[in-house]
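The values are calculated or read from the model by the stated rules, or taken from the named source; none is laboratory data. If you're wondering where the values come from, they're calculated on a predicted model, not measured in any experiment. Please note: Cβ atoms are built from the backbone with ideal geometry, for glycine as well, and neighbour counts cover all protein chains shown.
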């Protein structure tokens with residue numbers, strides 16, 4: 001099968017490289033010039049696993065405007081605020097026979113993808129997989145091979161033959177995919193997870209394990225999970241997990257699966273880049289407002305992350321004077 005990964009960042013590289021290792025033809029599209037030029041200069045991307053066995057993996061990486069490929073499946077792993085530009089710049093290669101798969105963080109991407117792909121050909125989900133982009137053309141896969149899981153669903157909630165082929169390739173690549181027929185519940189499970197771990201770890205610049213070691217971590221997590229589930233219930237979203245199961249997932253990933261991992265939101269903050277908090281906690285706030293529910297804790301955290309961004313930008317500006 002032929003895949004094209006749009007967004008050659010941490011997760012884009014992980015999905016693309018492992019699908020390529022599993023015998024598929026994979027190409028990459030990215031807009032970040034240092035990344036594209038570095039990969040071309042060194043002949044591929046350097047891949048490590050848990051900071052070890054760093055080796056060069058040959059990959060084909062293109063700018064959107066120069067790409068002329070015709071994949072069976074597009075895989076989208078951009079930041080939420082970057083997706084519209086990526087889609088516009090790559091649209092000359094889209095056609096109505098292609099499928100789109102995405103496991104991006106946050107919410108807001110589905111509506112954008114539906115402008116270019118048929119509802120029956122859109123697959124979306126969540127990935128509980130930790131990966132770090134060390135720099136241009138250099139990625140680190142966190143966790144043993146086969147670690148992590150993912151859930152995905154068709155937008156129409158009616159899996160077809162192609163969906164099952166995609167799931168089979170994801171299994172070969174050891175992503176442990178779980179195909180569901182609950183589209184919104186599948187996506188919202190990761191939004192709720194990220195609204196706890198990503199946001200709190202980013203604000204305090206700590207790993208997931210450091211957060212979980214705090215004696216009040218469960219109380220913090222429950223407050224955020226309960227508020228998020230209150231929003232989802234009012235919106236008519238049938239969640240995949242119970243509230244307790246969601247808390248158990250937060251604790252398992254933080255304590256057992258990836259205790260040394262800094263979430264992706266922190267990685268953005270640490271490089272003075274905008275975070276995706278508006279598409280995670282902020283999304284829950286806006287969804288709640290539609291149903292006359294005030295998600296006050298999520299609103300407060302959204303403001304705190306923006307305050308942290310603002311403070312870092314001010315300090316950076318002072319340092320350059």
Among (1) surrounded by 17 or more Cβ atoms within 10 Å (Cβ to Cβ); (2) at pLDDT below 95; (3) farther than 19 Å from residue 180 by Cα, where does residue 126 come up short? (3)
Which ones in the range 194-208 are surrounded by 17 or more Cβ atoms within 10 Å (Cβ to Cβ) and either more than 22 Å from residue 122 (Cβ to Cβ) or assigned by TED's automatic domain parsing to the domain that holds residue 129 (or both)? 195, 196, 197, 198, 199, 200, 201, 202, 203, 206, 207, 208
Scan the range 214-240 for residues that are under 22 Å from residue 182 (Cβ atoms) and free of Cβ contacts under 8 Å to residues at least 60 places away in the same chain and jot them down. 225, 226, 229, 232, 233, 234, 235, 236, 237, 238, 239
Sort out which residues of the range 246-272 are modelled with pLDDT under 95, surrounded by fewer than 17 Cβ atoms within 10 Å (Cβ to Cβ) and out of contact with any helix residue (DSSP H, G or I) (no Cβ under 7 Å at 6 or more places or on another chain), and write them in order of number. 252, 256, 270, 271
Looking for something closer than 24 Å to residue 153 by Cβ, surrounded by fewer than 20 Cβ atoms within 10 Å (Cβ to Cβ) and in contact with a strand residue (DSSP E or B) (Cβ under 9 Å, 6 or more places away or on another chain) - is there at least one such residue anywhere in the range 46-53? no
Residue check, residue 188 buried (at least 19 other Cβ atoms within 10 Å of the Cβ), modelled with pLDDT of 95 or more and within 22 Å of residue 268 (Cα to Cα): yes
Could you please find all residues in the range 23-40 being without any contact (Cβ under 8 Å) to a residue 60 or more places away in the chain and out of contact with any strand residue (DSSP E or B) (no Cβ under 9 Å at 6 or more places or on another chain)? 31, 33
Which condition number does residue 161 fail, the rest of (1) out of contact with any helix residue (DSSP H, G or I) (no Cβ under 6 Å at 6 or more places or on another chain); (2) farther than 16 Å from residue 76 by Cβ; (3) surrounded by 14 or more Cβ atoms within 10 Å (Cβ to Cβ); (4) without any contact (Cβ under 8 Å) to a residue 40 or more places away in the chain being met? (3)
Check residue 246 against each of (1) without any contact (Cβ under 8 Å) to a residue 24 or more places away in the chain; (2) in a helix (DSSP H, G or I) and name the one condition it does not meet. (1)
Test for residue 183: is it touching a strand residue (DSSP E or B) at 6+ places or on another chain (Cβ under 9 Å) and in contact (Cβ under 8 Å) with a residue 40 or more places away in the chain: yes
